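The values are calculated or read from the model by the stated rules, or taken from the named source; none is laboratory data. Note that the coordinates shown come from a computational prediction; the quantities given were computed from them, not determined experimentally. Cβ placement follows ideal geometry from the backbone for every residue including glycine, while neighbour counts extend to all protein chains displayed.
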Amino acid sequence: MRKSNLKDRKLKKIGIIFFSILGIFWSLFPVYWMLKSSITPDNEMYKLNPSLFPSKITFIHYKDLFTQTKFMTNFWNSLYVSIFSTAIALFFSIIGSYAMVRLRYKGRLFIKNSIFFSYLLPASVLFIPMYIMASKVGLGNNKNALVIVYQTFIIPYCCYMLMSYFVAIPKAMEEAAYIDGCSHIQALIRVILPIALPSIAVVATFAFTLSWNEYLYALVITTSPSQQTVTIGISNFKYSDTFIWGLIMSSSVVASIPAVSLYMLAQRFLKTGLAAGGVKQ
């Protein structure tokens, strides 16, 4: 019986290792292919059966990307839009989610449900009204319009995530702050936010990524290269049925740097259990 159990555990461990390796390979191979294609010469890239490893390495695609295209303008536009969209969304989401979790007022449940359902609305339903609104207020073909429009899906997402975290924070911590004379805002700033930093870091990371990767609103609202974002810049390297794979892959590598860097930076905040032990039960 003992040998049978030991054999079952070994087989289970081998199965877990096998599927873990398979999952890692499945996830990382597209990234490897993007990196490999970005440094592969055109004459080798367009072969009928391309090799798994490049026989020759070239950086001509990156040189052309930086010197012969306006992609870096798109890059800085995306960085501008994503940073400001994330900052604005975090400000309103923190205040809104805290109010919906801790305060009691008429219509609170309706507002909570409205936020949830607004997040479920697809962009394909809203992009025409958003384009009309941006044009009416004089923000047509302007990246600042994206900062405003992106709040329609970033704020609901941030609120939904932060509400679930604020609920888990013991109320006794805030009650102690109230006894010391703190208001709701002071309790939020001095007590809740330091505890909620891991959650805020996660929400900020995903909010930035949502802004960075958004395509449909950017395509509809911005039309000139000086205002377009990286997602549109990458798609511009496709002409009719012709794909300039060298520029597409090299621009994709460059476009992935901010999001990857943010994920790596946020790792130091992604800790749980900071509130554990904060209140003696």
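Of all the criteria given as (1) modelled with pLDDT of 90 or more; (2) under 27 Å from Lys36 (Cβ atoms); (3) surrounded by fewer than 18 Cβ atoms within 10 Å (Cβ to Cβ); (4) touching a Ser or Thr at 6+ places or on another chain (Cβ under 9 Å), the one not satisfied by Tyr263 is (1). Run down Ser20, Ser85, Ser51 and say which single residue is within 27 Å of the chain's Cα centre (by Cα), among the polar types (S, T, N, Q) and not assigned by TED's automatic domain parsing to the domain that holds Leu219. Answer to the check: Ser20. Report, by residue number, each residue of region 166-197 that is exposed (fewer than 14 other Cβ atoms within 10 Å of the Cβ) and not in a helix (DSSP H, G or I). Of everything in region 166-197, those that are exposed (fewer than 14 other Cβ atoms within 10 Å of the Cβ) and not in a helix (DSSP H, G or I) turn out to be Asp180, Gly181, Ser183.
Out of Ile24, Ile57, Ile83, I need the residue that is out of contact with any Lys or Arg (no Cβ under 6 Å at 6 or more places or on another chain) and surrounded by 15 or more Cβ atoms within 10 Å (Cβ to Cβ). Which one?
Being out of contact with any Lys or Arg (no Cβ under 6 Å at 6 or more places or on another chain) and surrounded by 15 or more Cβ atoms within 10 Å (Cβ to Cβ) holds for just one of Ile24, Ile57, Ile83, which is Ile83.
Quick grid of which residues meet (1) more than 26 Å from Ser252 (Cα to Cα); (2) β-branched (Val, Ile, Thr):
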position	(1), (2)
Asn77	no, no
Ile83	no, yes
Tyr98	yes, no
Lys106	yes, no
Ser114	yes, no
Val125	yes, yes
Ser135	yes, no
Ala145	no, no
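Among the residues in region 179-192, are any under 18 Å from the mean Cα position of the chain (by Cα) and modelled with pLDDT under 90? Scanning region 179-192, I find no residue that is under 18 Å from the mean Cα position of the chain (by Cα) and modelled with pLDDT under 90, so the answer is no.
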